[in-house]
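Trainee: First, the structure itself, so that you have it in front of you.
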Amino acid sequence: MERKDYVHPLQDAAFEKYKDGVSFQKDIENTYDNVEYKSRRPDLLGKTVRVTEKQFHNVWEIMEDIYRHESRSTVVPVYVYEEYYYGAESYGISNPWIEISAKTIADFSEEELRFVLAREVYKITDGVTKQKTMMEERFKGIKALAPEEFEEVSKLSFYHWYRIANFTADNYGYLSCGSIKASVYAVLKMVLNSVALAEQVDIKEFIAQASEINELNDVFYNHTKADEPVPYAPHRLQNLMAYAESERGMKAMMERME
């Protein structure tokens with residue numbers, strides 16, 4: 001799959017705007033690799049189970065197949081952790097990895113697993129995870145170095161770009177799993193943390209909440225919306241459905257199926 005076939009049309013412009021306010025990126029990345037990564041590594045290995053060909057074989061096969069479509073030989077490691085909630089997230093800068101909860105593996109279908117894993121593979125390969133990790137480290141230390149107003153502007157600019165990048169990740173996940181139904185229900189299960197409750201959701205009714213969110217338009221509403229790093233779920237499903245029904249999305253899916 002080519003990036004142009006699934007990237008959100010506003011993402012690259014948002015990145016250029018966000019990038020203009022980034023300072024000390026290389027220093028922060030080096031500090032993370034040499035300090036934070038090493039401090040997290042023992043717990044990662046000691047408190048999770050790594051996916052391999054011999055354990056969690058279904059997840060290993062999904063990752064191998066996703067990377068075959070990426071024409072990459074090195075598959076990033078995936079670690080399974082015990083957790084009551086559904087979740088899958090990528091971390092790291094020079095040595096990225098993915099963490100996924102045991103509950104997610106147990107309750108998600110193969111297509112739904114492919115959707116959530118492919119989202120994180122996209123974030124890693126396109127540098128989104130790297131930027132997220134770097135900015136999280138930057139926000140930890142920026143209060144001592146910059147005024148609160150500067151921190152807020154920088155954070156909101158990053159969140160704006162990161163929300164759009166998550167729309168792209170959803171598009172990529174959809175193309176990877178090949179099913180709009182699996183993509184939608186993976187998002188709903190993450191929201192409700194329940195298979196049974198997700199099946200009770202009327203998709204059109206839920207997506208309609210996106211319009212209600214958009215109508216909340218004053219300084220307080222808008223600040224709350226801008227302070228979210230991940231898009232609201234109704235907006236995610238709205239974007240997914242629009243992309244799947246678009247000429248670009250249908251063409252990309254046809255090419256993937258060939």
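The values are calculated or read from the model by the stated rules, or taken from the named source; none is laboratory data. Here the structure is a predicted model, which is why all the values come from computation and not from measurement. Glycine gets a Cβ as well: all are built from the backbone with ideal geometry, and neighbour counts include every protein chain shown. Remember, those area values only see protein heavy atoms, side chains included, never the ligands or the DNA or RNA. Shrake-Rupley method; radii C 1.70, N 1.55, O 1.52, S 1.80 Å.
Trainee: Give me the percent of DSSP beta bridges within the chain that run antiparallel, rounded to the nearest 5.
Mentor: 60
Trainee: Provide the per-residue ³J(HN,Hα) series for the stretch 180-197, in order, calculated from phi with Karplus coefficients 6.51, -1.76, 1.60 and θ = phi - 60°, each as a whole number of Hz, with x at glycine and proline positions.
Mentor: 5, 4, 5, 5, 5, 6, 5, 5, 5, 5, 5, 5, 9, 6, 7, 5, 4, 6
Trainee: Spelling out what I want: for every residue of the stretch 241-248, take phi, set θ = phi - 60°, compute 6.51 cos²θ - 1.76 cosθ + 1.60 (Karplus), and round to whole Hz; glycine and proline get x.
Mentor: Each residue's phi maps through the Karplus curve to give 5, 5, 5, 4, 8, 6, 4, 5 Hz.
Trainee: Related question: Simple spin-label model, 7 Å along Cα-to-Cβ: ASN95 to GLU215 in nm?
Mentor: Between ASN95 and GLU215, the label points sit 5.2 nm apart.
Trainee: Mean separation of Cα pairs under 8 Å and 6+ residues apart, divided by the residue count of the chain: what relative contact order is that in percent? Don't skip to the answer; put the middle values down first.
Mentor: Values: 291 pairs, mean separation 56.1, N = 258.
Relative CO of the chain lands at 22 percent.
Trainee: So what J values fall out for the stretch 84-92 if you push phi through Karplus, 6.51 cos²θ - 1.76 cosθ + 1.60 with θ = phi - 60°, rounded to Hz, Gly and Pro as x?
Mentor: 3J(HN,Hα) across the stretch 84-92, in whole Hz: 6, 9, 6, x, 8, 8, 9, 9, x.
Trainee: Counting only heavy atoms of the protein chains, get the accessible area per residue of the chain (1.4 Å probe) and round it to a whole Å² value.
Mentor: I get 53 Å² per residue for this part.
Trainee: Within straight cross-link reach of LYS181, meaning Cα distance under 24 Å, which lysines are found once same-chain residues fewer than 8 apart are removed?
Mentor: LYS4, LYS103, LYS123, LYS189, LYS204, LYS251
Trainee: For ARG50, enumerate residues with amide H under 5 Å from its amide H, sequence gap 5+ or separate chain, H modeled in the peptide plane.
Mentor: Amide H neighbours of ARG50: VAL80.
Trainee: Taking 0.36 nm per residue of separation and subtracting the Cα-Cα distance, what length does fully extending VAL22 through HIS223 add?
Mentor: 70.2 nm
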